[in-house]
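Asks: Mind having a look at this structure? Questions to follow.
The values are calculated or read from the model by the stated rules, or taken from the named source; none is laboratory data. Predicted model only: the values in this text are computed from it and were never measured. Backbone-built Cβ (ideal geometry, glycine too); neighbour counts: all protein chains shown. Only protein heavy atoms, including side chains, enter the accessible area calculation; ligands, DNA and RNA are left aside. Shrake-Rupley method; radii C 1.70, N 1.55, O 1.52, S 1.80 Å.
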Amino acid sequence: GDSVTQMEGPVTLSEEAFLTINCTYTATGYPSLFWYVQYPGEGLQLLLKATKADDKGSNKGFEATYRKETTSFHLEKGSVQVSDSAVYFCALSDRPGAQKLVFGQGTRLTINP
Amino acid sequence: SAVISQKPSRDICQRGTSLTIQCQVDSQVTMMFWYRQQPGQSLTLIATANQGSEATYESGFVIDKFPISRPNLTFSTLTVSNMSPEDSSIYLCSVEERSSGGSTDTQYFGPGTRLTVL
């Protein structure tokens, strides 16, 4: 079945550091890919998405590029802030209209001032 | 995006009791989804609720344990029945974003209900 694998956490960085959170997926079709963020004590928020190969999703300084050849959707940010501390989830929807999201295990990110 | 609210935001319940969680959306939506997030883990889909029909449950989840209602296009409830400590989780509802072209595959989530079962 479809699956999403994220890099092991937790990840701790200093403010203004470069961030990469790896995400790879397995899917039988051509999935849409998502990054969601969960701030402490809150629900999930959609951070960005990409729906086809080579698409780049971006939001709030975060970027991720849909790489079909490597089945990856790594999340990057050039300069992180303390306010970026949260849990980040990579997810896929395996086919249009499938309406089911498959989530990775989540990566807890802590940014120290 | 839709604005989604859930009640209660958190609760502490005794073993063997039941809790009903409400999910309210500020716009009409066809599909609503219920997820469970066990402590320190990822999200797992419990069921999909379509207005006017029975909910569709994922493998490992059954209607007797997690009955769902969907009385209209803006509201749904999930009941966690005969609770045990293993049911301690965050329960989230979500809705699908639609466009003129149909499904966008994007889901937006409510703030979640944090349930602790003693």
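Asks: Is there any pair linking a residue in the stretch B:1-23 that is under 10 Å from B:LEU118 (Cα atoms) to one that is open to solvent by 40 Å² or more (accessible area, probe 1.4 Å), with Cβ under 7 Å and at least six apart or on different chains, and which?
Replies: Hits for this filter: B:ILE12/B:THR116; B:ILE12/B:LEU118; B:GLN14/B:LEU118; B:ARG15/B:PRO85; B:ARG15/B:LEU118; B:GLY16/B:ASN82.
Asks: Determine, yes or no, whether A:GLU8 is open to solvent by 40 Å² or more (accessible area, probe 1.4 Å) and in contact with a helix residue (DSSP H, G or I) (Cβ under 7 Å, 6 or more places away or on another chain). Give the derivation first.
Replies: On the way: open to solvent by 40 Å² or more (accessible area, probe 1.4 Å): yes; in contact with a helix residue (DSSP H, G or I) (Cβ under 7 Å, 6 or more places away or on another chain): no.
Taking the combined requirement at face value, the residue does not satisfy it.
Asks: Could you please let me know if B:ASP26 is over 25 Å from A:TYR39 (Cα atoms) and open to solvent by 40 Å² or more (accessible area, probe 1.4 Å)?
Replies: Criteria not met by B:ASP26.
Asks: Still on this structure, I have one more. Quick one: in the stretch A:24-48, of everything that is assigned to a strand (DSSP E or B), within 12 Å of another protein chain (Cβ to nearest Cβ) and farther than 25 Å from B:THR113 by Cα, which residue is modelled with the lowest pLDDT?
Replies: The initial filter retains those residues of the stretch A:24-48 that are assigned to a strand (DSSP E or B), namely A:24-26, A:32-38, A:44-48.
Filter again for within 12 Å of another protein chain (Cβ to nearest Cβ), leaving A:32-38, A:44-48.
If we keep only those that are farther than 25 Å from B:THR113 by Cα as well, we get A:32-33.
Working: A:SER32: 90, A:LEU33: 93.
Filtering first and then ranking leaves A:SER32.
Asks: Another question about this same structure. Among the residues of the stretch B:33-47, is there at least one that is within 10 Å of chain A (Cβ to nearest Cβ), surrounded by 14 or more Cβ atoms within 10 Å (Cβ to Cβ) and assigned to a loop (DSSP other than H, G, I, E, B)?
Replies: Yes, that holds for at least one residue.
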